[in-house]
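The values are calculated or read from the model by the stated rules, or taken from the named source; none is laboratory data. Quantities reported herein were computed from a predicted structural model and do not represent experimental measurements. In this analysis, Cβ positions are derived from the backbone assuming ideal geometry, glycine residues included, and neighbour counts consider all displayed protein chains.
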Amino acid sequence: MCGIVGALAQRNVNEILLEGLRRLEYRGYDSAGVCLVDGDSQLQLRKSQGKVADLEARLAAAPAAGQLGIAHTRWATHGAPSDRNAHPHVSGQIALVHNGIIENHQPLRAELRDKGYQFTSDTDTEVVVHLIHSLAGDGRDLLAAVTAATDRLEGAYALGVISADEPETLVCARSGSPLVVGVGIEENFIASDPMALRQVTDRFIFLEEGDVAEISRAGITVRDKQGEEVSRPVHKLDGGHDAADKGRYRHYMQKEIFEQPAVVEATLAGRIGDKSVLSEALGARAHEILPEVQQVQIVACGTSYHAGLVARYWLEDWAGIPCSVEVASEIRYRKTAVRPGTLFVTISQSGETADTLAALRQAKELGYLASMTICNVPNSSLVRESELSLMTEAGPEIGVASTKAFTTQLVALQLFCIALAKVNGLSTEREAELVKALHQLPQLMEQFTGLDQLVQDTSEAFAEKHHALFLGRGVEYPIALEGALKLKEISYIHAEAYPAGELKHGPLALVDADMPVVVVAPNDELLEKLKSNLQEVRARGGQLFVFASPQAGFTSEPGVTVVEVPDAPESLAPILYTVPLQLLSYHVALLKGTDVDQPRNLAKSVTVE
Ligand code: G6P
């Protein structure tokens, strides 16, 4: 999704901007651009459809330098990917980059056309730069013009704005889309994600909704939505992992799959004792809130939504607490009936997904008991705006297709479910059993990643297929959904998942020798039921690929390929069986030659609605 970088320094900032864009590439984008104010106070604009490397080629052909600049990676919403729709957009001496969507762009466009402005792109963004220009005129008080313009904007925005007439000033504003100010020494920066600036600073100001900031080399002035000057804290982010490094792996996705034993361990660290979940695991306020919880509403998008679907089985089984799970883009637009004592839980890798954030903000008006987020990014909007937060310790996830974020979400959710079950009568024996299993998880995860070669061999059967069906029962049904999502995201094979018991109510009509059917078949109480469902597939000539442990009693035969996985405790099966499905989609994508880390049309962090 779109990315913003901006810089004001006493050195040429071109390379800082480009490095920032490279660090944001993983988010998914289709064009890139940069605009610098050069030594003659002229705007130097370079834009290119395609990758940051294409922009670099353009800069090599027509070099530009300056101590003030803004840069952008665009993920098309209004107007196709193209050079002219790429940001920055310019009006006179003013240049602007924008993340988000301006919902009232049409009336504003008409108004500005009447004033004589000519539009050269199809974007909603160009409206904003002309609006600022109309309020400022070339070169007159950029800050006042940006502030006045934000009063006219409806929708979501993070803006970075410069003027060739004010080469000592960078102005930025946010509402509904994330934006941070990176604090340096005699130089300052802006970005839509701190990761873009980690090479130049570790100190950040997280702008709040409605903030407008004026940045010079020496200082940063922030005004809130009422126009009052406010002091926002500077956060020092620790070194963390440098996600920009693929190490010995060919793709980030591959690296992230293999990191799972370590990040799962990091997510458990300090949160479980020998036989119990430590009460501090969910934060200081958990002991007040958890005993009051009578119901849980989980809200998320994409892969995080699938994690929520798994948690529902655990919550209802272990804690006896009713749980609903819904995608954020749906719940935020319907009338919901909220029962007293309902905890509102969001799950998100990025903590910035626009629909999830909007659903949380709306929930605050609806009488929920409290809000909690399970999130991977400290200081993200969801973390800052939720009352409780439980961090996953996955480290930065770069591959668009989520892998380690998902399994660490499941680990965090399991801790949450056990903690809630404890205040709802879970026996100490059962808790000890669940915690004992969690202690084994990192090592089992290692064994499951060891299935790589076996899964690679199996993947060949999928390379020429156009469709695939994933089946699971019970808590494995969401894992089948996640397996299908991974395959479609990165290999572009149409894949869908069904609870195996629903097979005969429709999808069986699709089954023939061309339809591989992937089955998640741990040795649980539903195994015999699942086996009957698989007979229905075999009887129609369907090709089965069964992921099962030896104890489940499957054998490979013509039409049935059994991918034998290690035996594992039932409570861990959803977490562990995810791994071979991730590997399957990875290897199929390799065979198909797709862009594994940045699949077409998709974005890592969806900060627009
Ligand atoms: C995008 C990503 C998915 C992710 C979803 C939700 O679609 O490509 O990988 O699951 O957003 O993102 P979140 O950051 O809220 O987990």
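Would you check which residues across segment 292-304 are more than 7 Å from the ligand (Cβ to nearest atom) and surrounded by fewer than 24 Cβ atoms within 10 Å (Cβ to Cβ) and list them?
Of the residues in segment 292-304, the ones more than 7 Å from the ligand (Cβ to nearest atom) are 292-299.
GLU292, VAL293, GLN294, GLN295, listed by residue number.
A count restricted to segment 32-59 and to residues that are of a type in the set (A, V, I, L, M, F, W, C) and touching a residue at least 60 places away in the same chain (Cβ under 8 Å) stands at 3.
Just one of (1) among the hydrophobic types (A, V, I, L, M, F, W, C); (2) crowded, with 19+ Cβ neighbours inside 10 Å; (3) in contact with a Leu (Cβ under 6 Å, 6 or more places away or on another chain); (4) more than 19 Å from THR403 (Cα to Cα) fails for ALA495. It is (4).
Selection within segment 177-211: residues that are of a type in the set (Val, Ile, Thr), within 29 Å of ASP151 (Cβ to Cβ) and surrounded by fewer than 24 Cβ atoms within 10 Å (Cβ to Cβ). The member of this set that is farthest from the chain's Cα centre (by Cα) is VAL183. Without any contact (Cβ under 8 Å) to a residue 60 or more places away in the chain and either buried (at least 23 other Cβ atoms within 10 Å of the Cβ) or in contact with a Pro (Cβ under 8 Å, 6 or more places away or on another chain) (or both): is that true of GLY270 in this structure? Criteria not met by GLY270. Residues considered: ARG174, ARG152. Of these, the only one that is of a type in the set (Lys, Arg) and under 22 Å from the mean Cα position of the chain (by Cα) is ARG174. Residues in segment 118-132 that are touching a residue at least 24 places away in the same chain (Cβ under 8 Å) and either out of contact with any Leu (no Cβ under 9 Å at 6 or more places or on another chain) or within 25 Å of ASP193 (Cα to Cα) (or both): THR120, SER121, ASP122, THR123, ASP124, THR125, GLU126, VAL127, VAL128, VAL129, ILE132.
For segment 337-356, a tally of residues being surrounded by 24 or more Cβ atoms within 10 Å (Cβ to Cβ) and under 12 Å from the mean Cα position of the chain (by Cα) returns 8.
Selection over segment 86-107 of residues that are modelled with pLDDT of 95 or more, polar (S, T, N, Q) and under 27 Å from the mean Cα position of the chain (by Cα) gives a count of 0.
How about segment 573-599: which of its residues are within 15 Å of the ligand (Cβ to nearest atom), surrounded by fewer than 18 Cβ atoms within 10 Å (Cβ to Cβ) and within 23 Å of LEU469 (Cβ to Cβ)? Scanning segment 573-599 gives a single hit, THR594.
Which residues, taken from segment 201-217, are closer than 15 Å to LEU8 by Cβ and part of a strand (DSSP E or B)? Talk me through it step by step, then tell me what you get.
From segment 201-217, those closer than 15 Å to LEU8 by Cβ are 201, 205, 213-217; that's our starting set.
Answer for segment 201-217, where residues must be closer than 15 Å to LEU8 by Cβ and part of a strand (DSSP E or B): ILE205, ALA213, GLU214, ILE215.
Here VAL537, VAL560 are screened, and the one residue that is more than 16 Å from the ligand (Cβ to nearest atom) and within 14 Å of ALA500 (Cα to Cα) is VAL537.
Within segment 364-377, restricting attention to residues that are touching a residue at least 60 places away in the same chain (Cβ under 8 Å) and more than 11 Å from the ligand (Cβ to nearest atom), the residue that is nearest to the chain's Cα centre (by Cα) is MET372.
Taking segment 110-127 as the range and being closer than 20 Å to PRO81 by Cα and buried (at least 16 other Cβ atoms within 10 Å of the Cβ) as the test, the residues that pass are SER121, THR123, ASP124, THR125, GLU126, VAL127.
Please go through segment 43-63 and pick out each residue that is outside any helix (DSSP H, G or I) and surrounded by fewer than 19 Cβ atoms within 10 Å (Cβ to Cβ). Outline the logic, then answer.
The first filter runs over segment 43-63 and keeps only residues outside any helix (DSSP H, G or I), leaving 43-51, 62-63.
LEU45, GLY50, LYS51, ALA62, PRO63 - these are the residues of segment 43-63 that are outside any helix (DSSP H, G or I) and surrounded by fewer than 19 Cβ atoms within 10 Å (Cβ to Cβ).
Looking for whichever is under 29 Å from the mean Cα position of the chain (by Cα) and away from the ligand (no atom under 16 Å from the Cβ) here; the options are ASP30, ASP38, ASP54. Which one fits?
On the way: ASP30 fails: away from the ligand (no atom under 16 Å from the Cβ); ASP38 fails: under 29 Å from the mean Cα position of the chain (by Cα).
The match here is ASP54.
The set of residues from segment 215-230 being loosely packed, with under 11 Cβ neighbours inside 10 Å, within 16 Å of ARG203 (Cα to Cα) and at pLDDT 95 or above is empty.
Taken over segment 128-141, the criterion of being hydrophobic (A, V, I, L, M, F, W, C) and surrounded by fewer than 23 Cβ atoms within 10 Å (Cβ to Cβ) is satisfied by LEU135 alone. Per the listing GLU352, GLU397, GLU330, the residue uniquely away from the ligand (no atom under 11 Å from the Cβ) and acidic (Asp, Glu) is GLU330.
Restricting attention to segment 310-336, and to residues there that are of a type in the set (D, E, K, R) and in contact (Cβ under 8 Å) with a residue 24 or more places away in the chain, which single residue is surrounded by the most Cβ atoms within 10 Å (Cβ to Cβ)?
Just the residues of segment 310-336 that are of a type in the set (D, E, K, R), to begin with: 312, 316-317, 326, 330, 332, 334-335.
From the residues that got through so far, the ones that are in contact (Cβ under 8 Å) with a residue 24 or more places away in the chain too are 326, 332.
On the way: GLU326: 17, ARG332: 21.
Selected residue: ARG332.
Restricted to segment 380-394, and to residues that are in a loop (DSSP other than H, G, I, E, B) and more than 14 Å from the ligand (Cβ to nearest atom), which residue is surrounded by the most Cβ atoms within 10 Å (Cβ to Cβ)?
First, the residues of segment 380-394 that are in a loop (DSSP other than H, G, I, E, B): 380, 386-387, 392-394.
After this cut, where a residue has to be more than 14 Å from the ligand (Cβ to nearest atom) as well, the list is 387, 393.
On the way: GLU387: 17, GLU393: 19.
Filtering first and then ranking leaves GLU393.
On the given criteria, is GLY395 out of contact with any strand residue (DSSP E or B) (no Cβ under 8 Å at 6 or more places or on another chain) and more than 22 Å from GLY28 (Cα to Cα)? Here the answer is no, as GLY395 does not meet what is asked. Can you name the residue in segment 458-474 that is in a helix (DSSP H, G or I) and in contact with a Ser or Thr (Cβ under 9 Å, 6 or more places away or on another chain) and is also farthest from the ligand (Cβ to nearest atom) among such residues? Going through the qualifying residues, I end up with ALA461. Taking the conditions (1) within 29 Å of PRO340 (Cα to Cα); (2) within 11 Å of the ligand (Cβ to nearest atom) in turn, THR403 satisfies each one other than (1).
When you go through (1) modelled with pLDDT of 90 or more; (2) on the phi < 0 side of the Ramachandran plot one by one for ASN533, which number turns out not to apply? For ASN533, the exception is condition (1).
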